[in-house]
Amino acid sequence: MYSKKVYEHFTKPHNQGMIKNPDGVGTVGNPVCGDLMKIYIKVKKEKKKEIIKEIKFETLGCAAAIATSSMVTDLAKGKTVEEALKIKRSDVAENLEGLPPAKLHCSNLAADALHAAVDDYNKKKK
């Protein structure tokens with residue numbers, strides 16, 4: 001049912017936890033399935049670029065929800081905030097080598113949580 005990549009990210013998630021005093025936090029949930037995701041980011045300016053230097057997640061949900069949260073943090077770490085906003089749900093699912101159709105909504109949530117964290121960061125810096 002799940003790819004080897006999904007299994008790896010579920011059993012040994014990357015970047016799990018929280019960041020104290022984050023620069024941005026994004027929280028999203030799905031009332032139908034009950035999944036809840038929170039992504040924290042720390043951003044540093046380097047050569048006039050805003051780089052996501054640290055990113056962590058806390059997720060309550062199924063295996064796919066945890067795996068997509070882990071993968072989206074891997075995809076965003078080291079990227080500029082502009083590049084992070086371009087990460088789509090399809091990027092998350094493709095990098096996990098696919099998700100069952102009934103679990104594709106998890107990749108939506110993960111991308112949405114990342115975008116919400118970047119949006120929160122952008123609002124705070126104004």
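Ranked by the mean number of other Cβ atoms within 10 Å per residue, highest first, peptides 64-76, 81-93 order as 64-76, 81-93.
If you take the beta carbon distance between ASP74 and LYS123 as r and set R0 to 25 Å, what does 1/(1 + (r/R0)^6) give as a FRET efficiency, to the nearest 0.05? Taking R0 as 25 Å, the efficiency between ASP74 and LYS123 is 0.50.
Based solely on its DSSP helices, what 222 nm [θ] is calculated for the chain when runs of n ≥ 4 H residues each add -39,500 (n - 2.57) and the sum is averaged over all residues, nearest 500 deg cm²/dmol? Before the final figure, lay out each step's value.
Details: 5 runs with 56 residues, N = 126.
Rounded to the nearest 500, the figure is -13500 deg cm²/dmol.
Can you tell me the length gained on complete extension of the stretch GLU94 to LYS20, counting 0.36 nm per residue apart and subtracting the Cα distance? Fully extending the segment from GLU94 to LYS20 adds 23.6 nm. Distance between the 7 Å Cα→Cβ label points at ALA102 and GLU54: 3.9 nm. Residue separation of ASN30 and GLU46 scaled by 0.36 nm, minus their Cα-Cα distance, works out to 2.2 nm of gained length.
Take each peptide in 110-120, 24-34, count the other Cβ atoms within 10 Å of every residue, and average; sorted highest first, the result is 110-120, 24-34. Could you list, in their original order, any pairs among LYS12/LYS48; LYS56/LYS88; LYS53/LYS86; LYS47/LYS124 whose Cα atoms are separated by more than 26 Å? Flagged as over cut-off: LYS12/LYS48. Please report the relative contact order for region 4-125, taking Cα pairs under 8 Å with a sequence separation of at least 6, and give it as a percent rounded to a whole number. Averaging sequence separation for qualifying contacts and normalising by length gives 32 percent for region 4-125. Measuring between their Cα centroids, region 16-33 and region 59-106 lie 14 Å from each other. The tail of the calculated P(r) for region 2-64, taken as Cα-Cα distances beyond 16 Å, holds 56 percent of the pairs.
Counting each pair of different Cα atoms once, what's the Kirkwood radius of the chain in Å, rounded to one decimal? Intermediate values should be presented prior to the final figure.
Numbers: mean 1/r = 0.0708 Å⁻¹.
After inverting the pairwise mean of 1/r, the radius is 14.1 Å.
Say R0 is 25 Å: what FRET efficiency, to the nearest 0.05, do GLU83 and THR11 get from their beta-carbon distance?
On the way: r = 28 Å, r/R0 = 1.12.
It comes to 0.35.
Coordinate-derived values only; no laboratory data. These numbers come from a predicted model, not from an experiment. Reconstructed Cβ throughout: ideal geometry from the backbone, glycine too, with neighbour counts over all protein chains shown.
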